[in-house]
Amino acid sequence: MRSESSVFGRMPLLLSEREYGTAGAHATNFAFAIATWCFLVGAYTAELVGAVQGTVCLLAGSLVGVFLTTMPLSLGCQRYGLEQIDFCKPAFGQRGARVILVFYLINMLGWSGLILVMFGNGIRNIAGALGWAPGGWIVGAGVALGLGLTYAVVTRGVHLLNVANGIITPCLVLLVGFMAFVLLREHGWQVIAAAPPLDPGPVPSLNYLIAFELGVANGISWWGGIGFLARNTRTRRNAVYPQILQLGFSGGLVACVALYSALVVQSEDPTEWMVPIGGVGMGVLALVFVVLANVTSVSVSIYASGLALRHVPAFRALPWRRVIAFLVVLCLPFVFWPEELYGRGDAFLAYNGTMYAPISGILFADYFLVRRQRLCLWSIFDDDPGRDYHYSRGFHWRALGCVVLGQLLYLWLFNPLTSETNPLFQLLPASLAACLVPAALYALSMRGAARARPVAAPAAGASVDPPRRLVAPNT
Amino acid sequence: MAQPSRLEGPGAQAAPASARVLELERRIAELEALDESAFGAFTRLDWLACAVGALAVPAALLLWFAG
């Protein structure tokens, strides 16, 4: 019997409760991949490179990023039915996993804020297309309206969210197809391929590598959703292949259509593409739709953030409305400084690589090399200091230190805020270095340190270490 | 198992702690008792396919178009 409270809570999911077979896993991952943030990724890439190199960077980067992040998370969360913050506990410790939770929230709220500014820009451009030219204030007001709508959707529960996504996702597929069709029919590939990048740096090879970094960051950004998707699948293959194909490849393809649109219209604002591409009638219609789609994208993000906050004891028993209100408050800076924060979106996208590349590397090393894919579920949910995953006061400093090292290495090779690069960046992309080096160091430092725990039930008469202080998780 | 109430929302502590611990114990015991094959195979060939498709081919394309 499938229990909704288990699916959306922390209880390990039993095989009988999991929803996705092969078709379901592909469809759900595809629905996740087709989201309005792909428009932003394509737009930021158009600043640096043209259509051909941009296509390679977005597809290659997205596939590499998804591969790095999905292998440990998918296989681990699928095997043990865990959601991803619980999966982080063997590597980072009972409390150390909450540090990862902070990165997760920064990622989700940052994306939400950027999409809400796109929502505000969309309202401004709809007004402009209809002959009314409001001041810049309307963007901030639009963000506030978007936050209000998001709060209304998320607090009414997952059913409304599912209904909204059921309508929005097919329409987004149609919209992306329409954009690609019109671009190719009206302009042709030659024109798209010849369109110059919007704001490239002086060194073309560096622009290419930074665009690749954006692609990798786009793929790695799926870290937040991968555990939820994988724990709902019944087989390992259904956990891994749909993520690589849909989140990696299909998501990259949608970002490519956005890249072409940005290059042809010569604007990085997705809400400025629709009217020039589709004409006033179709353009305004598409724009209204993109604006609505932004609300569902943000709602999914805020919903997931609310669930993640349930890991923090203070939020476990709090009414859902208050949890969501807390998250909405954290997004308020986007109401007051929408354009300033939107302008730093490319740096934020690259920063996702900074955050998640080392975490992905350490999870990879921990799950495959250190623990040989064997976790002790009892210890994950046991708060006793004597348990395996408690380490030092709940923190596994070796793993957390490697994360910091990886982030510093990333910033040393490529600083996304200033776009400064180290000469070594031309030889080794920052996200790969920030993934591989901490992973190798962590694996070396853990040689012989991890104790193998029984996975299967003990034989009759054999004793197994009983739980001492089993945490009662939010269901 | 108790469903979350409308007031508390998803993921909230809807059931008493003792009931949740019992439910958790039941789930852990069931998952740990299952044979690895129950979760489906992921062989070396799968690893190879993923590594080639999502690492080697993208890396080759990246180098090819770098020039």
Open item on the list: Given the C-alpha atoms of the range A:256-411, compute the convex hull and give its volume per residue in Å³.
Closed with: 187
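With viscosity set to 0.890 mPa s at 25 °C, what whole-number translational diffusion coefficient in µm²/s follows for chain A from Stokes-Einstein and a Kirkwood radius over Cα pairs?
Details: Rh = 22.8 Å.
It comes out at roughly 107 µm²/s.
What does the extension gain come out to for A:SER16 and A:VAL52, with contour length at 0.36 nm per residue minus their alpha carbon separation?
Values: separation 36, 0.36 × 36 = 12.96 nm, distance 4.57 nm.
Separation in residues times 0.36 nm, less the Cα-Cα distance, equals 8.4 nm.
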Open item on the list: Multiplying the sequence separation of A:ARG156 and A:ARG393 by 0.36 nm and subtracting their Cα-Cα distance, what value in nm do you get?
Closed with: 81.5 nm
Open item on the list: Can you tell me how the range A:204-292 classifies by the Cα gyration tensor, rounded, prolate or oblate, using a/c under 1.5 as the rounded cut?
Closed with: oblate
Task: Rounded to whole Hz, the Karplus (6.51, -1.76, 1.60) HN-Hα couplings of the range A:290-301, x for glycine and proline - done: 4, 4, 5, 4, 4, 5, 5, 4, 5, 4, 4, 5
Open item on the list: I'd like the distance between the alpha-carbon centres of the range A:379-398 and the range A:183-223, rounded to an integer number of Å.
Closed with: 44
TODO: Provide the FRET efficiency to the nearest 0.05 for the B:ALA56-A:ALA314 pair, computing r from the beta carbons and using R0 = 35 Å.
DONE: 0.15
Open item on the list: Give me the percent of accessible area attributable to carbon and sulfur for the protein assembly as shown, probe 1.4 angstrom.
Closed with: 67
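Can you order the peptides A:112-122, A:26-36 by their average number of other Cβ atoms within 10 Å per residue, highest first? Intermediate results must be reported in sequence, preceding the final value.
On the way: A:112-122: 27.7, A:26-36: 21.9.
In descending order of packing, they fall as A:112-122, A:26-36.
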Task: the range A:208-312: chymotrypsin sites (Phe, Trp or Tyr not before Pro) in DSSP coil with no more than 14 other Cβ atoms inside 10 Å - done: none
Open item on the list: At R0 = 25 Å, how high is the FRET efficiency between A:SER445 and A:TRP412 if r is their beta carbon distance? Nearest 0.05 is fine.
Closed with: 0.75
Open item on the list: In Å, what Kirkwood hydrodynamic radius results for the range A:1-116 from the alpha-carbon pair distances?
Closed with: 16.8
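Is it possible to state the helix-based mean residue ellipticity at 222 nm for chain A, with each DSSP H run of 4+ residues giving -39500 (n - 2.57), the sum divided by total residues, to the nearest 500 deg cm²/dmol? What is it? Could the numbers behind the result be given before it?
Numbers: 23 runs with 319 residues, N = 475.
Counting only the DSSP helices, I get -21500 deg cm²/dmol.
Give me the summed buried accessible area for the A-B pair, 1.4 Å probe, to the nearest 100 Å². Kindly include the intermediate steps, with their values, before the conclusion.
Numbers: alone 18960 and 6300 Å², together 20590 Å².
Roughly 4700 Å² of accessible surface disappears when A and B pair.
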Task: Estimated FRET transfer efficiency (B:LEU63, A:LEU424; beta-carbon r; R0 22 Å; 0.05) - done: 0.85
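In terms of the Cα gyration tensor, with a ≥ b ≥ c the square roots of its eigenvalues, is the range A:38-106 rounded because a/c is under 1.5, prolate because a/b exceeds b/c, or oblate? Please report the intermediate quantities before stating the final value.
Working: a/c = 3.81, a/b = 2.16, b/c = 1.76.
Judged from the Cα gyration tensor, the range A:38-106 comes out prolate (a/c at least 1.5, a/b above b/c).
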Task: Histogram of C-alpha separations across the range A:127-184, 5 Å bin width, % - done: 4, 14, 12, 13, 18, 21, 14, 3, 0
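Let me check I've understood the local charge: for A:ALA46, count other residues with C-beta under 10 angstrom from its C-beta, Lys and Arg +1, Asp and Glu -1. What total comes out?
Values: positive: none; negative: A:GLU47, A:ASP199, A:GLU268.
That sum, taken over residues with Cβ under 10 Å, equals -3.
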Task: Relative counts (whole %) of C-alpha pair distances in the range A:326-450, using bins that are 10 Å wide - done: 12, 31, 27, 21, 8, 0
Open item on the list: Can you tell me what percent of all Cα-Cα pairs in the range A:59-203 are more than 19 Å apart?
Closed with: 76
- [ ] Just grab the label-to-label distance for A:LEU184 and B:GLU25, each label 7 Å out from Cα along the Cβ direction, in nm (one decimal).
- [x] 6.1
TODO: For a label point 7 Å from the Cα of A:VAL288 along Cα→C-beta, name the residues of the range A:111-135 whose backbone N is under 16 Å from it.
DONE: A:122-132
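Residues of the range A:106-153: accessible area per residue at 1.4 Å, in Å²?
Details: 1590 Å² over 48 residues.
Solvent-accessible surface per residue comes out at 33 Å².
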Task: 5 angstrom amide H check on A:ASP382, placed H, neighbours 5+ away - done: A:VAL471
Task: Cα gyration tensor category, rounded, prolate or oblate, for the range A:184-236 with a/c compared to 1.5 - done: oblate
Open item on the list: Rounded to the nearest 20 debye, what is the charge dipole size of the protein assembly as shown about its Cα centre when +1 sits on each Lys and Arg Cβ and -1 on each Asp and Glu Cβ?
Closed with: 1540
TODO: Could you grab the Rg to Rh ratio for the range A:127-245? Cα atoms only, Kirkwood for Rh.
DONE: 1.04
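The values are calculated or read from the model by the stated rules, or taken from the named source; none is laboratory data. Just so it is clear, the structure is predicted and the values come from calculations on it, not from any experiment. A quick note on method: Cβ atoms are made from the backbone with ideal geometry, for glycine too, and the neighbour counts reach across all protein chains shown. For accessibility, only protein heavy atoms count, side chains too; no ligands or nucleic acids. Shrake-Rupley method; radii C 1.70, N 1.55, O 1.52, S 1.80 Å.
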